[in-house]
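Working notes for the structure below.
The values are calculated or read from the model by the stated rules, or taken from the named source; none is laboratory data. Bear in mind the structure is a predicted one, so any value in this text is a computation, not a measurement. Cβ: placed from backbone, ideal geometry, glycine included. Neighbour counts: every protein chain shown. These area figures cover heavy atoms from the full protein model, side chains too; ligands, DNA and RNA do not enter into them. Shrake-Rupley method; radii C 1.70, N 1.55, O 1.52, S 1.80 Å.
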Amino acid sequence: MLNSIQVITIGCCLVCIQTGYRKADWLQHKNAEVEMLKKLLDGKLKVMERSNLVKSERYSEKLQRALQKYRNQGITNVEVIEELIRLAYDIKKRR
């Protein structure tokens, strides 16, 4: 069964493939995908913060480091998406 993060990732990719977006449009959707994943993770971290502040801060730092590497062009869109999905699975597993 797919979770919400996987659905967003698959959904963004399918929209771009099915509609035949140009490369510039594809990159714009990739950035939107990263932002959607970030928002989902932020929401999960806010919920976690209520029960475990230390874990929430640790995961928040991991999220910020991954996004900072992405914004500094240290990693590609695909790599940051993979990292955010791994982080989401880790959060889900540790709950």
**OP:** Sort 82-89, 44-51 for me by packing, meaning the mean count of neighbouring Cβ atoms within 10 Å per residue, highest on top.
**Re:** 82-89, 44-51
Subject >> Sequence ranges 55-64, 71-80, ranked by mean other-Cβ count within 10 angstrom, highest first >> reply: 55-64, 71-80
**OP:** Would you mind getting me the FRET efficiency between Ile85 and Lys46? Use the beta-carbon distance for r and R0 = 22 Å, nearest 0.05.
**Re:** 0.70
Original post:
Counting only protein heavy atoms, what percent of the accessible surface of region 34-95 is carbon or sulfur at a 1.4 Å probe?
Top reply: 49
